[in-house]
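**Student:** Before we start, here is the structure in question, set down as C-alpha cells.
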C-alpha cells in the first residue's frame, strides 16, 4: 500500500458534494479556482525558465513534463468545478460565477 494519497475520482467527488451546503460548494469552487491560478502562474514561470535559462535538453524535458502534469491537474480541477456547478443546478439553484480576481 502506498503512503501517497490519491485524489478521489470524479464520480466519488460528485457523490461526496451532494452532502455539502451551498456555501461549502462555493467555498470548494473558490479553493479550486485559487489553485488553478497558482498552477497557471507556475506554468508561466516554468515556461519562461525553459525558454530562457535551460542549459540541457534533459532539464528542458523534465520541466516540460512538470508543465504538462500541471496542465492535467488544471483540467481535473476545472472538471470538479463543473461538477460543483452541476450539483448546484440539480438543487434547482442558479450557479453564480465567483469573482476570479485575487
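**Student:** Can you pull out every residue in the stretch 71-84 that is touching a residue at least 24 places away in the same chain (Cβ under 8 Å) and closer than 27 Å to residue 20 by Cα?
**Tutor:** 73, 74, 76, 77, 78, 79, 80, 81, 83, 84
**Student:** State whether one or more residues within the stretch 85-96 are within 19 Å of the chain's Cα centre (by Cα) and outside any helix (DSSP H, G or I).
**Tutor:** yes
**Student:** Consider residue 39 carefully, then state whether it is over 23 Å from residue 97 (Cβ atoms) and assigned to a helix (DSSP H, G or I).
**Tutor:** no
**Student:** Also, I was wondering about something else. Within the stretch 34-48, can one find any residue that is in contact (Cβ under 8 Å) with a residue 60 or more places away in the chain, on the phi < 0 side of the Ramachandran plot, surrounded by 12 or more Cβ atoms within 10 Å (Cβ to Cβ) and touching a helix residue (DSSP H, G or I) at 6+ places or on another chain (Cβ under 8 Å)?
**Tutor:** no
**Student:** Here is a follow-up. Is one or more of the residues making up the stretch 51-67 within 17 Å of the chain's Cα centre (by Cα), surrounded by 10 or more Cβ atoms within 10 Å (Cβ to Cβ), in contact (Cβ under 8 Å) with a residue 60 or more places away in the chain and not in a loop (DSSP other than H, G, I, E, B)?
**Tutor:** no
Computed from the coordinates by the stated procedures, all read-outs in this text should not be read as laboratory data. Because the structure is predicted, anything quoted here is derived from the model rather than measured. Every residue, glycine among them, receives a Cβ derived from its backbone with ideal geometry; neighbour counts consider all protein chains shown.
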